Amino acid sequence: MQLRLTRKLISAVLLSSCMVTSTAFAAEPDTGLSSAEQGNYLLELKRLYLTENDRQALLAHCNDLLKTYALRAAYQVGQAQRQDLLYQLRQGESGELLLREETRSQQGTDIAVRNQRVPLFGVDPFVRYECPSSGISCVLHNPNDGSPMLTIVRDHKGSAELAKALSFLIRNLQKG
């Protein structure tokens with residue numbers, strides 16, 4: 001239910017963003033698509049999350065996407081050790097992102113929490129992801145070293161939206 005609602009919400013945001021981008025781009029042919037796209041994207045997120053702060057809107061959107069596309073034990077049919085993987089992002093020190101990973105067993109009795117600091121100064125803000133056709137999950141890679149950072153349920157559109165939101169969040173956090 002939440003997945004379907006989030007997909008509809010993302011589609012509405014992207015559609016309105018594309019419409020605004022195309023009219024703004026037609027009115028000012030000299031502006032770069034990247035900055036216009038980012039501005040429209042952030043405007044829509046601020047409206048959606050009822051805030052005036054870009055960073056708060058991006059963090060809220062990333063965390064909502066992480067909840068929606070969380071790799072749950074129910075998706076892992078046929079796996080030996082099924083578990084929930086839940087993530088949460090927070091702002092750390094200046095130019096730093098805090099990532100909380102919670103792993104729960106299928107019965108919910110065993111819980112492991114891992115916190116990771118992701119330094120962002122001097123890194124390429126573009127977040128890469130992979131969704132192997134043979135697997136049940138997509139992996140988003142750490143922009144520092146390319147190591148796996150997040151594992152979510154296999155959904156190309158969801159992974160692309162999360163990677164985009166994370167990329168904009170990283171750019172925002174790099175400003176300090």
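Each reported figure results from applying straightforward, stated rules to the coordinates on display, with no laboratory input. On a predicted model such as this, the values are computed, not experimentally measured, just so you know.
For Arg117 and Asn144 in one chain, what is 0.36 nm times their gap in residues minus the Cα-Cα distance, to one decimal in nm? Write out the running numbers ahead of the final one.
On the way: separation 27, 0.36 × 27 = 9.72 nm, distance 1.12 nm.
Length gained, Arg117 through Asn144: 8.6 nm.
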_Taking a ≥ b ≥ c as the square roots of the Cα gyration tensor eigenvalues, with a/c under 1.5 meaning rounded and otherwise prolate when a/b beats b/c, else oblate, which class fits the stretch 69-174?_
oblate
*the stretch 83-90 - phi-based ³J(HN,Hα) in whole Hz, Karplus 6.51/-1.76/1.60, Gly and Pro as x*: 8, 8, 10, 10, 10, 8, 10, 9
